[in-house]
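Report on one structure; see the data block that follows.
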Amino acid sequence: MKDSVQAIDIVIAWVDGNDSNLKNKRRKFMNQAEPSNALEDTRFASNDEIYFCVASILKFVPYSGTIYVVTDQQQPKWLDQFEQQGLCKAGKIKIIDHREVFNGYESALPTFNSLSIESMLWNIPDISDYFIYLNDDFFFNQASHQQDFLVDGQMVIYGHWQSNFVKKVKYLLRKFVQNKFGKIAQPKYSMAQMLSADCVGLSRYYEIHHRPHILSKALLANYFGQHPLFLQQQIRFKFRNIDQILPVGLSNHLAIQNNQAILKDDVEIAYLKDGRDLEPFIQALSKEHIKFGCIQSLDQLEQRDELRIRHALVDKFREVLPSQIQPTIAR
């Protein structure tokens, strides 16, 4: 089947951190030996971003197959309204529980760790050979073409090369301080990327940033099948840990090693981290060359700024947002 007509499934990781059952479950496993930034409430917060994420796929990603929403015995309140109101076909959106994702690896559950969950996405039953993974705070900002991610079986990866050396020295130093003095080392996104290259023997890593990424089911399944103890070590952490790799990075570096990758420069995204990004973010929503967006820590904004963001996103995706969601989000 040609790339131009091959459906690519999309996987979204989602959690409702306000759920009391989840909070109680998480509390049982929290202790002072966990890195503090892996326990922050905002890491588990849900502020309706999932609806914008799904709406953006329906509006801008015509080649998308099944949209899998990965959860821990939860479901976004309004998610079924996409189908019920005819905004997508029946079965387009599927909730898949951690127990299905971790089938055969149940000893790692429960988990509150995005890196552990990402390590098991290849295990989703019937998922497409290549799939796009994104957090629920990512969205597609403009029309996407399959060639943005996959060209003749080659994964398109956006980023740039970085040497492992500095990150490896920092990693080893922090591990030494942790082991010698008991100061818990904080996990870092860039360090996890470095480790994903280091574990396959590369001396540099292809650094990526916050936006949707294409992954290969076969590359990940084969690697973890050949390194079962490595996988067990990777998914055993309940919260993010400095020793974990970035699974997206692993898929990328394996593709590069196997000559299955097309490397491209970084692309600009609509990025909102705090109130200082408010105006540039809103302006970016209408720019045709900016294909992806990311909303980080929406709950940390001032209320008036949060409302402006919500209204802007509702206006952008109104025709693919269920009617109940629009007044609820743009409150």
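None of the figures in this text is laboratory data; all of them are computed from the coordinates on show. Every value quoted in this text rests on a predicted model; they were computed, and no experiment measured them. We place every Cβ from the backbone using ideal geometry, glycine too, and count neighbours over all the protein chains shown.
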(request) Mind jotting down a quarter of the surface of the convex hull over the alpha carbons of region 106-217, in square nanometres, one decimal? (result) 9.6
(message) Suppose the Debye formula is applied to equal point scatterers at every Cα of region 221-279; what is log10 I(q)/I(0) at q = 0.21, 0.28 Å⁻¹?
(response) -0.92, -1.15
(message) If packing is taken as the average count of other Cβ atoms within 10 Å, what order do 47-58, 19-30, 198-209 fall into, highest mean first?
(response) 47-58, 198-209, 19-30
(message) For region 224-327, which GluC sites (Glu not before Pro) pass both filters: DSSP loop (anything but H, G, I, E, B) and at most 14 other C-beta atoms within 10 Å?
(response) 268, 288, 302
(message) For a test of understanding, tell me how many lysine pairs in region 65-200 have Cα atoms under 17 Å apart, given they are 8 or more places apart or on different chains.
(response) 10
(message) Run lengths n ≥ 4 of DSSP H only: what is the helix-derived mean residue ellipticity at 222 nm for the chain, with -39500 (n - 2.57) per run over all residues, to the nearest 500?
(response) -10500 deg cm²/dmol
(request) Return the loop-located trypsin sites (Lys or Arg not before Pro) in region 220-292 (DSSP other than H, G, I, E, B) with at most 15 other Cβ atoms within 10 Å of their own Cβ; answer none if there are none. (result) 273, 287
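May I ask for the net charge around residue 164, where only other residues with Cβ less than 14 Å from the Cβ of residue 164 are counted and Lys, Arg are +1 while Asp, Glu are -1?
Details: positive: 167, 168, 170, 188, 204; negative: 198, 207.
Every neighbour counted, the sum reads +3.
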(message) Bins of 10 Å, beginning at zero and ending with the bin holding the largest distance: percent of Cα pairs per bin for region 185-240, please.
(response) 18, 48, 33, 0
(request) Could you list 219, 173 in order of exposure, starting from the residue whose Cβ has the fewest other Cβ atoms within 10 Å? (result) 173, 219
(request) Can you check what the net charge comes to around residue 276, using other residues whose Cβ is under 15 Å from the Cβ of residue 276 (Lys, Arg +1; Asp, Glu -1)? (result) -3
(message) Just to be sure I understand the model, the point goes 7 Å from the Cα along the line to the Cβ. What's the resulting residue 200 to residue 129 distance in nm?
(response) 1.7
(request) Could you compute the FRET efficiency for residue 77 and residue 163, with r as their C-beta to C-beta distance and R0 at 51 Å, rounded to 0.05? (result) 0.65
(request) Please find the FRET efficiency linking residue 323 to residue 177, where r is the Cβ-Cβ separation and R0 is fixed at 41 Å, and quote it to the nearest 0.05. (result) 0.15
(message) Give me P(r) over the chain, computed from all C-alpha to C-alpha distances, binned every 20 Å, as integer percentages.
(response) 30, 62, 8
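Restricting to Cα pairs below 8 Å that are 6+ residues apart, what does the relative contact order work out to for region 8-329? Please round to a whole percent. Before the final figure, lay out the partial values.
Numbers: 537 pairs, mean separation 79.3, N = 322.
Computed over region 8-329, the figure is 25 percent.
Under a Cβ-Cβ cut-off of 9 Å, what is the net charge of the residues other than residue 68 that fall near it, where Lys and Arg count +1 and Asp and Glu count -1? Write out the running numbers ahead of the final one.
Working: positive: 94; negative: 9.
That works out to 0.
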(request) Between residue 304 and residue 226, take the C-beta separation as r, use R0 = 45 Å, and let me know the FRET efficiency to the nearest 0.05. (result) 0.30
